[in-house]
Amino acid sequence: MKMKMKKNLYALLAGSVLLAACQTAPQQTVLKGELTGVESDTLIVNYFAVNDFRRQHVKHDTIALQQGKFSYTLPTDSIPTEVWLYAKPIAGMGYDMRANTQVVLFPGQTITLTGELKDCTASGSKFHDELAAVVAQQKPIRIQMDSVSSLLIKLQNEKVPQEEIQKLYTEQFKPLISQQKEVYVKYIREHLNSDASLYLLSQLGLKESKEFLPQLDAAVKEGQLASLYEWIDAAIQRDLAFEEAKKNVAEGKPAPDFTLTDINGKPFTLSSLRGKYVVLDFWGSWCGWCIKGMPEMKKYYAKYQNKLEIVGIDCRDTEEKWKDAVKRHELPWLNVQNDDATDATLLYAVNGFPTKIVIDPKGNINKIVIGEDPAFYKHLDQLFK
């Protein structure tokens, strides 16, 4: 299993946090710089809207380096864009070993990066200066994190038992995450009038967001990162709704009804299957365990096809990726896609993938299984023996 820095709610805590200021009207946005220590002559670019935390609309490109110098113009947009730069890998170098950095560009801003790629400095805005101060405070922590990360990757490549790697991660890496979080929280608490605090808040979790988001100045909430504020606020409201939904999703309780669009573009309503057993399979093409379990699901669907119906509910995919996955894996049951308006994952308080929910002929929840667990198939065998 590839070891990475622990993901927070919205994004990785790894790497430098480099940002630039913005103008309100969409204008040409330029990223340029002079970098040292890059062994290849090409940078790989991934960029997306700053509030696209699901990374559903990531764009990819490359930048040619001329003796470390480069200039790159981003497409015009009205929303701040987060850009990740990676050194093009050389032979024998894994993804996690590549130098990289991230920078958020605001419309109409030109920002310059200088220094080593993994520790470069951005210049050109007050906003960046504020972030740079925080980055400088936690630099000693990040150096330790990089060292431990390299060791974890080395142990993984040497096929060291996963238990030993996890032990090292828990004992040496997790405390560093906590230390880094403390630096961010201290800054946010002392700078509630700073856009930098809002961005740092997006790097933390819901606990911190619930505490500090309401305290931010109105100018920050409505400022150049307003779209980010709105996303975090929506995440908080969804979490509150999720906790409420959990009270109503349990074995023996009525299964919430919903209507979603099927793979043929037609509306499908769960209650239309009343009178037979139904399995709701919450999955996504991005979910390795979901895909790994499909052959066994197909086997059991063929075995009990006359006694149950499976409804595959695709989550967090684009329509194209969803349909491609259904076709590629030849999924024979009913297939629908979750959407934000209905959000079946919220109705059923789904917090892990895959999640399989068995519903009885009366429309009540019979069984909930989280993860790809043989217990699900044993339950079906007992149910239909």
Revision key, fill the gap. So Lys298 and Ser123, fully extended at 0.36 nm per residue minus their Cα-Cα distance, gain in nm 57.5 nm
Review point. At Thr36 and Trp286, where each label point lies 7 Å from the Cα along Cα→Cβ, what is the point-to-point distance in nanometres?
Key: 3.7
**Study point:** Whole-number percent relative contact order across segment 17-207, with pairs defined as alpha carbons under 8 Å at least 6 apart
**Key:** 25
**Study point:** Distance in nm between pseudo-label sites at Asp61 and Glu230 (7 Å out along the Cβ direction from Cα)
**Key:** 2.5
Revision key, fill the gap. Here the percent of antiparallel bridges among DSSP beta bridges lying wholly in segment 259-383, to the nearest 5, is 60
**Study point:** Virtual paramagnetic centre 7 Å along Cα→Cβ of Asp77, amide N under 17 Å, in segment 49-69
**Key:** 49-63
Review point. What is the helix-to-structure angle for 126-137, meaning the angle in degrees between its Cα long axis and the longest Cα principal axis of the chain, kept from 0 to 90 and rounded to the nearest 10?
Key: 80
**Study point:** Cβ crowding within 10 Å averaged over residues, with 70-77, 285-292, 196-203 ranked highest first
**Key:** 196-203, 285-292, 70-77
Exercise for review: Take every DSSP beta bridge with both residues inside the chain and express the antiparallel ones as a percent of the total, to the nearest 5.
Suggested key: 70
Check your understanding: Helix 174-190: angle to the longest alpha-carbon principal axis of the chain, degrees 0 to 90, nearest 10?
Key -> 70
Point to revise | Relative contact order of the chain, defined on C-alpha pairs under 8 angstrom at six or more residues apart (%) | key: 15
**Study point:** Zone of Ile370's modelled label, taken as backbone nitrogen in segment 240-268 under 20 Å from a point 7 Å along Cα→Cβ
**Key:** 240-256
Check your understanding: So what's the angle, to the nearest 10 degrees on a 0 to 90 scale, between helix 374-383 and the longest Cα principal axis of the chain?
Key -> 20
**Study point:** Entries of Lys174/Lys367; Lys303/Lys327; Lys253/Lys303 with Cα pairs more than 30 Å apart
**Key:** Lys174/Lys367
Practice item. Could I have the simple spin-label model distance between Ala219 and Ser271, label points 7 Å from Cα toward Cβ, reported in nm to one decimal? Key: 5.2
Practice item. Return a whole-number percent for the relative contact order of segment 259-383, with Cα pairs under 8 Å and 6 or more residues apart as the contact set. Key: 33
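Only the coordinates and a few stated rules stand behind these numbers; no lab work does. Here the structure is a predicted model, which means the values were calculated and not measured. Note that we place each Cβ from the backbone using ideal geometry, even for glycine, and neighbour counts take in every protein chain shown.
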